[in-house]
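The structure appears below as structure tokens.
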Amino acid sequence: MDLIEVDDVFSILQIESDQTASIKEVLGIPGKDNLGNYSFFIMPGIRLKLEKFIRSLRALLTTTDSTSSLAVTPLTISSGLLQRFPFLIDLIYCLESHLLTDFSLDFISNLLSNITCTKNAFRYQQSVKDFAASLYILGGRNVYEFVRLNIPGSIPCLNSLRSILTSSKTNFIEGEFQYERLKDFINMLDCKYAFCGEDSTSVVPKVSYDSRSNSFVGFTLPLNKGFPCSRYFSTNSFGKLETWYEEVDKSFLINVHVIQAVCSIGQTSPSPFLLAAYGTNSKYTAQDILERWSRIFDSCMTQNIRILGFSADCDPKQMKAMRDSMGFFSKFQTGFEDHPNHLEISLLKVSE
């Protein structure tokens, strides 16, 4: 502080002393005037740079002092502003009482900070990015654009959102079953029992290139013992791609497998875990379904997760697979009774 207030910091160099000799060799040229008095000449460039540096420090010190004074000065809101925007009273009360969730605070602060900036300077916190991704996945493009255009600065534009989704570490590859992630999910819940659900929903047939898997998505993946062959449609040949367009069916359904963890009594039931998803044309048999369920069961057992049962809608092939697995009006031999992890439940109490 004292050094900044000195007008001429080089004045000490005008004194002839051995202690300042090394500094003088760098900063300027010593000499004597006509009367034989000692004098020291400072290089103009060095003097100019130091003076600019000191002026910058003084300006910064002034700004810091003014900011500090503003920080301790209480903010006064005019009564006219409160009458025009009465929700400010509720907002202040919620902030003082800590009634807002972390996401609500992030969303509001993100929105207000972006409104004061140009569009190129918009920034979004991670919680807002996660919300935007969920909104796009659950609501679709039209819903997302409706929210974004009516609340400017609230969520990223579609191009930014695509970059966020592409860079996400939790992205999925069509036809790949996420057993490792399922294990982490189940361990986090501290449970080892679950149900597996399977269902299909219709989609508009469309083929697109997935850069993460280096394959084309939208063709119907072939099945190997009931399981889709992931990354099957990968090629560098335009001729082969043209052949696929002409000969391979495009998927008009998405088949989804989810895992619902079964928790202890009193524990909140978690949301289902998405195990896998892939396109299909519904050309498979009940045998394919049974083989797929059997393999899912065995794969989960290796992760110390026991699947208690499989659920599906009223699709005829899935209903037949259930009848065959239970032997309910079916003579199909599945061999499940001889499985080493075959589960037996007695519904009747045996008297001693």
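Among the residues of segment 128-150, count how many are of a type outside the set (A, V, I, L, M, F, W, C) and either under 17 Å from Thr101 (Cβ atoms) or in contact with a strand residue (DSSP E or B) (Cβ under 9 Å, 6 or more places away or on another chain) (or both).
Adding up the residues that qualify gives 3.
If you take the residues of segment 142-169 that are within 15 Å of Phe131 (Cβ to Cβ) and under 11 Å from the mean Cα position of the chain (by Cα), which of them is modelled with the highest pLDDT?
Among residues in segment 142-169 that are within 15 Å of Phe131 (Cβ to Cβ) and under 11 Å from the mean Cα position of the chain (by Cα), the one modelled with the highest pLDDT is Leu161.
Which one of Phe172, Phe131, Phe146 is of a type in the set (Phe, Trp, Tyr) and not in a helix (DSSP H, G or I)?
Phe172
Out of all the residues in segment 220-242, which are of a type in the set (A, V, I, L, M, F, W, C) and either closer than 18 Å to Phe177 by Cα or out of contact with any strand residue (DSSP E or B) (no Cβ under 8 Å at 6 or more places or on another chain) (or both)?
Correct list: Leu221, Leu223, Phe227, Cys229, Phe233, Phe238.
Give the residues of segment 294-315 that are at negative phi and either in a loop (DSSP other than H, G, I, E, B) or crowded, with 17+ Cβ neighbours inside 10 Å (or both), sorted by residue number.
Ser294, Ile296, Phe297, Cys300, Gln303, Ile305, Ile307, Phe310, Ala312, Asp313, Cys314, Asp315
Across segment 76-91, what is the number of residues that are farther than 22 Å from Gln125 by Cβ and either in contact (Cβ under 8 Å) with a residue 12 or more places away in the chain or part of a helix (DSSP H, G or I) (or both)?
10
Quick one: would you say Ser167 is without any contact (Cβ under 8 Å) to a residue 60 or more places away in the chain, of a type in the set (Gly, Ala, Ser) and within 20 Å of Ser230 (Cα to Cα)?
Criteria not met by Ser167.
Starting from segment 143-156, take each residue that is without any contact (Cβ under 8 Å) to a residue 40 or more places away in the chain and surrounded by 12 or more Cβ atoms within 10 Å (Cβ to Cβ) and list its partners that are in a helix (DSSP H, G or I) and not aliphatic (A, V, I, L, M), counting only C-beta distances under 6 angstrom and pairs at least six apart or across chains.
Tyr144/Tyr136; Ile155/Arg148
If you scan segment 201-226, which residues turn out to be surrounded by 18 or more Cβ atoms within 10 Å (Cβ to Cβ) and under 22 Å from Lys283 (Cβ atoms)?
Ser215, Phe216, Val217, Gly218, Phe219, Thr220, Leu221, Leu223, Gly226
Only one residue in Gln260, Gln287, Gln318 is polar (S, T, N, Q), in a strand (DSSP E or B) and surrounded by 14 or more Cβ atoms within 10 Å (Cβ to Cβ). Which one?
Gln260
The values are calculated or read from the model by the stated rules, or taken from the named source; none is laboratory data. All values derive from a computational prediction rather than experimental measurement. Using ideal geometry, Cβ is built from the backbone for each residue, glycine included, and neighbour counts are taken over all protein chains shown.
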